[in-house]
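K.L.:
Have a look at this one before I ask anything.
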Amino acid sequence: MKYVNTLLIFLVYRRWKPTSFFNFFLPELQRDGYDGIFSPKSRAKTMGETERKFVDGCAIFYRTSKFSLVKKHLVEFNQLAMANAEGSDNMLNRVMTKDNIGLAALLETKEAIFDNGAPADPAAARQPILICTAHMHWDPEFCDVKLIQTMMLMSELKTIAEESSHSFRPGSHAPDVNSIPTLLCGDLNSLPDSGVVEFLRAGRVVTTHADFKDLCYSTVLRKLSSAEKSGDDFTHSFKLERAYDNEVMPYTNYTFDFKGIIDYIFYSRQHFRQLGLLGPIDESWFRDSKVVGCPHPHIPSDHFPLLVEFEMQVGPSPVNGLTRSLVHR
């Protein structure tokens, strides 16, 4: 049996500016054995060189001794909205006008993850893993947009996973997206009882969900569903579990006028086992320090970090090969 002898760390961020990524975090983390990818929001393409530097985006880092980057995937929701609008005014006027993005990295494990040599089966040493981060639209009045952006993201991840399945397992039968270990982290700007979280966790959401706001998206969204003939539900193919529950982390966003959970980590439940996580800041500290909202001199962001330690199966066998990973937002 093959096991990993060190912790593998993924660092996943959203709302970074290009100058922060390229001038500080990338070179600093490269010195510690990481490499990373970054993409700004879609509006950066319409700006000049100077203005583009101040557009925030998403970033993913990975340890290069343990993983190699197979492919970077940028998911631009405004472009997908345009491609799937089919004349829908709501898709064009509400969804297409938002420049949020998702960023995915298809990685491949290296032999260095095993503490006593690579497994006899070369395929077991080349394990793909799909890491994704996303930043959804912020405005509570546009809950339909957030849910549609999430549906678009899962549709794109399905395409990536299916292509990866063909690449890593040539000659296999119909591609199975759940054969690829998947981690999804994001600022979803959605509460735990939202259609976004229901869709991700349950794998489905009813076409008449209140978050669609009765705006008649059903026909144009059907192609984004994993099963076109799925009755009254929109579905996705991944089997995901949420890493944090509401009792453990009562809020991930802490401002003067809002305190709640809008940031999440989801993982493919058949590949990962949750070993531990970083809990919240003690509420008594906020009270004693008279901190009513963040950012604050001692807490530089209004979003709190989420950190989970996982045990991950490596290779096709359900028994052989476990690796421990850290995922950090």
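The values are calculated or read from the model by the stated rules, or taken from the named source; none is laboratory data. Since this is a predicted model, take the numbers as computed values, not measurements. Areas reflect the complete protein model, heavy atoms only, side chains present, ligands, DNA and RNA absent. Shrake-Rupley method; radii C 1.70, N 1.55, O 1.52, S 1.80 Å.
K.L.:
Keeping all protein chains in place and using 1.4 angstrom, which order do W285, W16, W138 fall into by accessible surface area, from largest down?
P.N.:
Greatest to least solvent exposure: W138, W285, W16.
K.L.:
Provide C132, C143 ordered by accessible surface of protein heavy atoms (probe 1.4 Å), highest first. Mind showing how you got there, number by number?
P.N.:
Working: C132 0, C143 30 Å².
Sorted by accessible area, descending: C143, C132.
K.L.:
Report Rg(Cα)/(2.2 N^0.38 Å) for region 217-305, keeping two decimals.
P.N.:
Values: Rg = 18.5 Å, N = 89, 2.2 N^0.38 = 12.1 Å.
For region 217-305, the normalised Cα radius of gyration is 1.53.
K.L.:
If you rank H135, H298 by how much accessible surface each has, with a 1.4 Å probe, what is the order from largest down? If you can, show how the numbers build up before the last one.
P.N.:
Values: H135 15, H298 140 Å².
Descending accessible area places them as H298, H135.
K.L.:
Once the whole set of protein chains is in place, how much accessible area is left on L275, using a 1.4 Å probe, in Å² to the nearest 10?
P.N.:
So the heavy atoms of L275 present about 70 Å² to solvent.
K.L.:
I would also like to ask the following. Using the Kirkwood radius built from alpha carbon pairs, what does the Stokes-Einstein equation give as D for region 125-212 at 25 °C and 0.890 mPa s, in µm² per second? The partial results should precede the final answer.
P.N.:
Numbers: Rh = 14.2 Å.
The calculation lands on 172 µm²/s.
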